[in-house]
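In what follows, a single structure is set out as structure tokens and then discussed.
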Amino acid sequence: MKIFGTKNTQEKPDRSLYGCCEGIAIDLKDSDDDIVSSGILGEGFAVFPRYENVKSLTGGYVVEISSPVKGRVVDITHKPEVIILKNDDGLKVLVSFVAFSGSQVYSTVRCGDDISAGDHIADLKLEENNDKAVFVIVENSDSLENFEIYKGKTSPGKPAAQYEL
């Protein structure tokens, strides 16, 4: 609508969750983790890292983990097993490394840091190629009216899921 010769435009909010690394995204319900696949933790997706695109170290690999949302780091659990982010819509998004219990995860962010989708938040150092996934879970997904996952290849700059409030 024009008002006095100018356009009245509203920017549509970004309601996407982006891939956390180069890999293959699947629905949480299809994961091998009984707790995660039950949906008790919330809606989300799992990403299986693609190792041909990661940095190789002597005897191991490093997967760079990126933020799936724009927001703020609100918590980092011990080790860290989970990095908790809160986006502008108030969603609490967990980036979980619990499947990698034998691996080493190094956070590159601190609590209180403001981040953009795609920002580097952690390094996942693996001893060998494996078939474990990084989980991206919306903890307060009861506030979502719709949640759609884009299964298949994903990356930090590519939407892996879309939601509506």
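The values are calculated or read from the model by the stated rules, or taken from the named source; none is laboratory data. Fair warning: this is a prediction, and the values are worked out from it, not measured in the lab. Heads up, the Cβs are rebuilt from the backbone with ideal geometry, glycines too, and the neighbour counts pull from every protein chain shown. Ligands, DNA and RNA are stripped out before the accessible areas are found, and what is left, the full protein with its side chains, is counted by its heavy atoms. Shrake-Rupley method; radii C 1.70, N 1.55, O 1.52, S 1.80 Å.
Data table
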{"item": "Residue list for segment 106-165, restricted to those being more than 13 Å from VAL95 (Cα to Cα), part of a strand (DSSP E or B) and among the charged types (D, E, K, R)", "result": "ASP114, LYS125, GLU148, LYS153, GLU164"}
{"item": "Count of segment 65-78 residues which are in a strand (DSSP E or B), under 16 Å from ALA160 (Cβ atoms) and not small (Gly, Ala, Ser)", "result": "1"}
{"item": "Residues (in contact (Cβ under 8 Å) with a residue 40 or more places away in the chain and over 18 Å from VAL82 (Cα atoms)) located in segment 117-141", "result": "GLU127, GLU128, ASN129, ASP131"}
{"item": "Any pair with Cβ under 8 angstrom, 6 or more apart, that starts in segment 72-100 at a residue that is without any contact (Cβ under 8 Å) to a residue 40 or more places away in the chain and ends at one that is part of a strand (DSSP E or B) and open to solvent by 70 Å² or more (accessible area, probe 1.4 Å)", "result": "VAL74/LYS86; VAL74/LYS92; LEU85/ARG72; LEU85/LYS92; LYS86/ARG72; LYS86/LYS92"}
{"item": "Close pairs (8 angstrom Cβ cut-off, 6 or more residues apart or separate chains): among the hydroxyl-bearing types (Ser, Thr, Tyr) in segment 29-50, surrounded by fewer than 18 Cβ atoms within 10 Å (Cβ to Cβ) and assigned to a helix (DSSP H, G or I) anywhere", "result": "SER31/SER37; SER37/LYS29; SER37/ASP30"}
{"item": "Selected residue [crowded, with 18+ Cβ neighbours inside 10 Å and modelled with pLDDT of 90 or more] from LEU144, LEU165, LEU94, LEU126", "result": "LEU94"}
{"item": "Total residues in segment 97-117, condition of a type outside the set (A, V, I, L, M) and open to solvent by less than 20 Å² (accessible area, probe 1.4 Å)", "result": "2"}
